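No value in this document is a laboratory result; all are computed from the given coordinates. This structure is a prediction, so every number in the text was calculated from the model and none was measured. Positions of Cβ are generated from backbone atoms using ideal geometry, with glycine treated the same way; all protein chains shown enter the neighbour counts.
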Amino acid sequence: MRGSWALGAADFSLGTILMVALIATLGALAIHWLRSGPRRSVEDMMRIDPHAAAPAAAADPSRPDWSQREPVSYEEAHLSAMMRDYAARAGIPERVLPKADLPDGADGNFVFRDKFGYVYATWEGGRQTQEYTSAVADQLLFAVFRDRAWMHAYTQSMGDGLAEPDRTRQVEAEQERLLSLIDPRWGAQLRAEREREA
């Protein structure tokens, strides 16, 4: 009896077995490729926030151009220094800024780098509840300060006795003013987002 009893009984040669295995492997690869489509690039697989600010057209100098990454990748320490500088420009207390570090299991907001770019995440009850990502640090920091400026403006408006919708208008106007103090293009970006949502 040649080889194993199954091979001997069926009288298959080694070449036939290898040919069948090769055809089966190629068939499986073809099915996998057809199901998953062509190979995607890393940029296509990046996490994208559906509420992310749409990049301004490069021809519009009044708004940020987030179509290109910065020439360098910023470490968390540099992001922290940038946030403190921006907070000082707008008069926003440093204590309300996100922690510039990887999440450590504690509740709060975090800004950090990952392999795709930058992440702004919120953790509550030991789990992540919100995430905003961008390959561009300026765009990520815009999202951070869009939130912080609104929160600061809302807190400042408490006790004014304004009824809605007047209070909302006041908070939104102050939010835009604070962002414009950081960067006038950020104020223009916020206006453009509001117009798009209206």
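The label point for Ala81 and the one for Glu94, both projected 7 Å from the Cα toward the Cβ, are 1.4 nm apart.
Please arrange Leu178, Leu18 by counting, for each residue, the other beta carbons lying within 10 Å of its beta carbon, fewest first.
On the way: Leu178 26, Leu18 10.
Ordered by Cβ neighbours within 10 Å, fewest first: Leu18, Leu178.
Spin-label model, Ala135/Arg177: points 7 Å from Cα along the beta carbon direction are separated by 3.8 nm.
Relative to the current alpha-carbon distance between Val72 and Asp104, full extension at 0.36 nm per residue lengthens the span by 8.9 nm. Here the residues Glu197, Glu131, Glu124, ranked from fewest to most Cβ neighbours within 10 Å of their Cβ, fall in the order Glu197, Glu124, Glu131.
Efficiency by 1/(1 + (r/R0)^6): what FRET value for Arg169 and Phe116, r their Cβ-Cβ distance, R0 = 41 Å, to the nearest 0.05? Don't jump to the answer; show the numbers that get you there.
Details: r = 37 Å, r/R0 = 0.90.
After rounding, the FRET efficiency stands at 0.65.
Subtracting the Cα-Cα distance from 0.36 nm times the residue separation, let me have the gained length for Thr16 to Ser157 in nm, one decimal.
Values: separation 141, 0.36 × 141 = 50.76 nm, distance 8.10 nm.
Length gained between Thr16 and Ser157: 42.7 nm.
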